[in-house]
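What follows is a short report on a single structure.
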Amino acid sequence: MNYLRGGKILRIDLTNQTISTEPIEDYTDRFIGGKGINVKLLFDATAAKAEPLNPGNAIVFGAGTLVGTPFPGACRLDIQARSPVTRSLGYAGMGGYFSARMKTAGYDNIVVTGKAEKPVYVYINDDKVEIKNAGLVWRHDTYETPEIIRREVHDPTANVISIGPTGEKLVVYASVVSPTGNSASRTGMGCVMGSKNLKAIAVNGSRGIIIACPEKFLKICNDLRNTLCHARPYEELHRWGLTRNHDREMVNYYDLLGIEWNSSRDVSEETFVRDYRVRTVGCITCPVACFQGCSVPEVGAGSMKCSPPGDLTWDLRNKNMHVYWETLVMCQRNGIDARAVSNSIAWLMKLHELGIITAADTDGLSMEWGNTEAILGMTRKILFREGFGAVIGQGLTEAARQIGRGAENYLFMAHGSPADMHWIPIKTRVLRSAVSPVGGDSSVQPPLDMAAARAYIKTKDEASFLEAIQGLKDRAEKELGIRDAPDPRTTKGKAALIHQKEIVSSVCNITGECIWLTGFMGLPVDIPDIAHALTLGFGKEVTVDSLTQAALRLQSVERAFSQRLGLSRSDDTVSNRLRLHIQRKENEARDLGCSETELETMKDDYYNLKGWDVTTGLITRVSLEKLDLNDVADALAL
């Protein structure tokens, strides 16, 4: 019995226009589900040296094991391929409803290979899977495409994910977007879909998810939902999403960076939502419902969540919230990562400030900080690869090479993936960005050292600082056995902090649980809760340790994917500006940052924790065999 599963892997070859299925059982014992199975399918399906936009690159979609059940927050869809941004592993995730529909249609994972001769979309309705001509929807945006497809297939309740014109034009930062504003926005997964002439996937399903112990399972789901709704952060997150939290964070981030911006008081996400919110939107099974659906006259409707409000205001010194909204809606409709757009524009503004570029280089747009005409104009150029936007559309690394004149020294990225410009370069964040296959990863942010970093900047002397972080040190000692781990001045324990949070993130990715419902946002879902739910769902014991092992397998196959492409320790790095992004006043002694030597020391600790070769950073046959990944070791010829 396929408890908790759709039961099948769907394979679609766009070159040969063939469709096949296979049972999922061969993957479940080791990888459990979701991203765990996804990354192994990608590793097996992608030709070893297939270029990101080559038909030999597979793109894989996965729904976690708890998706399709009432477990609170189990809603995530994972998308993976070789990335045109990182040139190695690519990954993006989204919430919403698509993943649940995919599983109730009978599919846990979808593997798409090849390239269609002409634009197509895929329509899935239980056992009926069709590759259909996308002529009617090509060149339409991500708001229009789902409606056109639903009418064409006569299925008004089908759930659709699609790319916009930006993905069709192969802008490397293109995203995959759902009608509810969920967006898989990192590492260019929309660009990979575009390279395959795959406009969209529409899915509907009528099957249920079978649970071994349904009454007990439903009870723990209801109990956990009740606990969530009484947790301290819940009311604010439910009513305001991230707006209040983000307003506070942006002030704190810029204070930590020592950057003063006189117009910052004019930026208020909460006020914007008060003025323009139409409705609050949530993902399936989530009681938090953190999306704020807003509509601004003469601009249009969209959905706000996470970082774009800060990226497109503070980071560009833009106080005009209407310009922020117009830019965000353009990004959503056309399908591009708004953070990558913001980072690109901020980079150009820095280059303009330094005299490296002028308006003559950027099609007459003067890239001055806060210039709203430049923000809107350059966004349009990037979206449609027009003029100088075509340079940015190839990716910032290539853009820096073409500009020259030292432009590469001001890139703010890791593994080719742009970071948010209000990044705080505490040691854990630098380490995670360096060792992560996809660069900056907001799901792995240990809170202990961020809290300690704030205390370090705010306190006046050593005694006051040590007193302020006593509680943080107590917690680190209890959880890690490394009392100094939170101290932002030392490398001690930083790898352990990252390793700890990577496990939580990977377990969430395997099961489809939104990490925002965990301690990441101060909410109470944890790995024991997930293990208990899986035990009742499968009808056999699932332990915290078995989930941890599955998480380590996921991480190991990710590493193997990069290693097969020739990446090693020297590639585990970040841009200098990201590592040393400190602009505090010269007369202030208390600065943050991470030297190259400190990063290398932390990498030693990290590789040791993973059981990888410390000298090369390479995964070893011994470490793979310990995780029952002999087949991966064979594929790497270890």
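At a 10 angstrom cut-off on C-beta neighbours, averaged per residue, how do the peptides 234-246, 69-81 rank from highest to lowest?
Put in order of decreasing packing, that is 69-81, 234-246.
How large is the convex hull of the Cα atoms of region 496-633 per residue, expressed in Å³ as a whole number?
Taking only Cα atoms, region 496-633 has a hull volume of 144 Å³ per residue.
Using only the alpha-carbon atoms of the chain as identical scatterers, what base-10 log of I(q)/I(0) does the Debye formula give at q = 0.06, 0.09 Å⁻¹?
So the normalised log intensities are -0.29, -0.70.
For every other residue with a beta carbon closer than 15 angstrom to the beta carbon of residue 50, add +1 if it is Lys or Arg and -1 if Asp or Glu, then tell me the sum.
Around residue 50, the surrounding residues sum to +3.
Let me know the volume per residue of the alpha-carbon convex hull for region 238-418, in Å³.
So the per-residue hull volume is 128 Å³.
What net charge do the residues around residue 444 carry, taking every other residue with its C-beta under 11 Å from that of residue 444, with Lys and Arg at +1 and Asp and Glu at -1?
Local charge sum for residue 444: +1.
Tell me, how many Å apart are the Cα centres for region 386-441 and for region 230-266?
Centre-to-centre distance over Cα atoms comes out at 25 Å.
Do you know the relative contact order of region 269-364, to the nearest whole percent, from alpha carbon pairs under 8 angstrom that are 6+ apart?
Across region 269-364, relative contact order equals 18 percent.
Just the Cα atoms of region 47-154: what Rg and Dmax do they give in Å?
Reported Rg and Dmax, both Å: 15.2, 41.
Report, in order of residue number, the helices in the chain meeting two criteria: a C-alpha extent of 27 Å or more along the helix axis, and a mean Kyte-Doolittle hydropathy of at least 1.0; treat each whole DSSP H run as one helix.
none
I'd like the projected area of region 386-544, averaged over all directions, using the convex hull of its alpha carbons. Report it in nm² with one decimal.
13.1 nm²
Sort 206, 344 so that the residue with the fewest other Cβ atoms within 10 Å of its own Cβ comes first and the one with the most comes last.
In increasing order of surrounding Cβ atoms, one gets 206, 344.
For n ≥ 4 DSSP H runs only, could you compute -39500 (n - 2.57) per run for the chain, divide by its residues and tell me the 222 nm figure to the nearest 500?
After summing the helix terms and dividing by the residues of the chain, the value is -12500 deg cm²/dmol.
Name the residues of region 286-312 whose amide N is less than 19 Å from a point 7 angstrom out from the Cα of residue 157 along the C-beta direction?
What the label zone holds, given the 19 Å backbone N cut-off, is 286.
Could you work out the relative contact order of the chain? I mean the mean sequence separation of Cα pairs under 8 Å and 6+ apart, divided by the number of residues, in percent.
16 percent
Set the Förster radius R0 to 25 Å, insert the Cβ-Cβ distance between residue 29 and residue 620 as r into 1/(1 + (r/R0)^6), and round the FRET efficiency to 0.05.
0.65
Would you mind counting up the charge near residue 596? Only other residues with Cβ under 14 Å from its Cβ, with Lys and Arg at +1 and Asp and Glu at -1.
Spelling it out: positives minus negatives among the neighbours equals +1.
If you take the beta carbon distance between residue 609 and residue 249 as r and set R0 to 51 Å, what does 1/(1 + (r/R0)^6) give as a FRET efficiency, to the nearest 0.05?
Given R0 = 51 Å and the Cβ-Cβ separation, E is 0.95.
Taking Cα centroids, how far is region 273-291 from region 108-138 in Å?
Taking the Cα centre of each part, region 273-291 and region 108-138 sit 31 Å apart.
Given R₀ = 51 Å, FRET efficiency for residue 386-residue 126 by Cβ-Cβ distance, to 0.05?
Computed FRET efficiency for residue 386 and residue 126 comes out at 0.75.
Laboratory data are not the source of any read-out in this text; all were calculated from the coordinates shown. Not measured: the values here are computed from a predicted model. As a convention, Cβ positions derive from the backbone with ideal geometry for all residues, glycine included, and neighbour counts pool all protein chains shown.
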